Ligand SMILES: NC(=O)c1ccc[n+]([C@@H]2O[C@H](COP(=O)([O-])OP(=O)(O)OC[C@H]3O[C@@H](n4cnc5c(N)ncnc54)[C@H](O)[C@@H]3O)[C@@H](O)[C@H]2O)c1
């Protein structure tokens, strides 16, 4: 077993800072060893941290609750299994790499940001906070420690200077100016429309919004750009997973404002755990998306893209697969009758089609327009045209997959303007090749992040499934533009602000 002094020395320069030997020896005398099993709780989130903890062997986990505030007390009381189930790991404290509780114990009464538990059987050395303070406030140690800390601060400040300069250059450090927002994945329509709206907003309000833009998408690699900003503004292909949110939070970001409806790429549990608030634009002209979904249907059904390119090449014949079908009298299925789904249903009724729907929540508006809710099996079996209008959630992922293809009515036309992950695109292609699916109109693709919103015309698309979709005549694919009308963009911008 290592001695207390050895463990302290192993942590030098890490979480314990670099203390002079005389002080380490004084700390060693007041340290006690705790040999604990997996799941031993040292400190609970929100409690006072009254000791410093160093790991000799095993591991400490720092976890933060990802449950809503009102549920936290009951979860804490329920014990380690329930805490684990409702928390995310913020970091791991390993032998010789970190100490935890150091800063909290300079001042009595500081509370814990995270719950600290052992992971596996562990040997944990603890320094009680009151005894620690008694050592560091001895006159001979105080001056030594101040010298050590001054040296450490100077070293870190030097290495941080580049970042600080960058922040100061951008004006972000000037808190007087207002709320600083970094907008990721900013293309020209974003910059043009937000700049106009922000100018108007700032002229009408007491506080200012200052938005900066980057064409980069948010990920764990680009999250550090937001250091010093208050808010990040995201779009459909930015990724805010737990690691990214931790980096954003460390950099002082307090809010994620999604300038879109879907939030499937944001780890909401991690945001709760780090206290980063989330906002989205729940509705912005649902007409834009519903009308585009109808355009996809008409485009696939009446072969508009193919016909247009043939005519442009001087081929004015009707031979070669241009024939479509009437929508009138067909059975049209709509899965997901939310804001967009309902508008779509109204348009479908205008065609004189027979409307059937499936949703986990039934809406009176659908029944009033003479739509009929049916089971999932029935909507698959009866629909001549099937629209996917639900959000991407674990239960809706790959709603269209290999194992359900034979439940579909042969010759069905499938339309997806919601999220690519609602279908397994390989299964859709299989369905097309087996004659089950007559056509697929989509504005989204599961792995669209790498390609959509970018000009790849002079580059090579290497995703084999995307290439297969593009090569298939019976597929009409657009690059996430269903929302893209002036009215919807105005709605997005104003709601985001
Ligand atoms: N392509 C685009 O440009 C674009 C633009 C906006 C929205 N969208 C997508 O459209 C989706 C729908 O938007 P909305 O505004 O109508 O959302 P909404 O929240 O108003 O409606 C979603 C509906 O889906 C239902 N639903 C949830 N889980 C379901 C399940 N397992 N099975 C069936 N139905 C289920 C809900 O009950 C709700 O009625 C969004 O989630 C987003 O992914 C795409």
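The values are calculated or read from the model by the stated rules, or taken from the named source; none is laboratory data. Note that the coordinates shown come from a computational prediction; the quantities given were computed from them, not determined experimentally. Ideal geometry is used to build each Cβ from the backbone, glycine not excepted, and the neighbour counts take in all protein chains shown.
On the given criteria, is residue 456 assigned by TED's automatic domain parsing to the domain that holds residue 415 and within 22 Å of the chain's Cα centre (by Cα)?
no
Name the single residue, out of those in the range 237-262 being modelled with pLDDT of 90 or more and under 21 Å from residue 480 (Cα atoms), that is nearest to the ligand (Cβ to nearest atom).
Step by step, filter the range 237-262, then rank; the result is 260.
Could you tell me which residue of the range 466-491 is farthest from the ligand (Cβ to nearest atom), considering only residues that are surrounded by 20 or more Cβ atoms within 10 Å (Cβ to Cβ) and more than 22 Å from residue 433 (Cβ to Cβ)?
489
Based on what the data block shows, is residue 325 within 16 Å of the ligand (Cβ to nearest atom) and assigned by TED's automatic domain parsing to the domain that holds residue 443?
Taking the combined requirement at face value, the residue does not satisfy it.
Inside the range 332-348, can you point out the residues that are touching a strand residue (DSSP E or B) at 6+ places or on another chain (Cβ under 6 Å) and surrounded by fewer than 21 Cβ atoms within 10 Å (Cβ to Cβ)?
If the condition is that a residue be touching a strand residue (DSSP E or B) at 6+ places or on another chain (Cβ under 6 Å) and surrounded by fewer than 21 Cβ atoms within 10 Å (Cβ to Cβ), then no residue fits.
In the set 216, 241, which member is surrounded by fewer than 21 Cβ atoms within 10 Å (Cβ to Cβ) and closer than 19 Å to residue 189 by Cα?
216
Is the range 404-411 home to any residue that is assigned to a loop (DSSP other than H, G, I, E, B), modelled with pLDDT of 95 or more, near the ligand (Cβ under 9 Å from one of its atoms) and touching a strand residue (DSSP E or B) at 6+ places or on another chain (Cβ under 7 Å)?
No; the residues of the range 404-411 include none that is assigned to a loop (DSSP other than H, G, I, E, B), modelled with pLDDT of 95 or more, near the ligand (Cβ under 9 Å from one of its atoms) and touching a strand residue (DSSP E or B) at 6+ places or on another chain (Cβ under 7 Å).
Out of 440, 445, which single residue is in a loop (DSSP other than H, G, I, E, B), in the same structural domain as residue 391 (by TED's automatic domain parsing) and touching a strand residue (DSSP E or B) at 6+ places or on another chain (Cβ under 9 Å)?
Every option except 445 fails the conditions.
So, in the range 236-247, exactly how many residues are free of Cβ contacts under 8 Å to residues at least 40 places away in the same chain and out of contact with any strand residue (DSSP E or B) (no Cβ under 6 Å at 6 or more places or on another chain)?
So the answer is 5.
Those residues that are surrounded by 18 or more Cβ atoms within 10 Å (Cβ to Cβ) and either away from the ligand (no atom under 11 Å from the Cβ) or assigned to a strand (DSSP E or B) (or both), I need them from the range 352-372; list them, please.
Result: 353, 354, 355, 356, 357, 358, 371.
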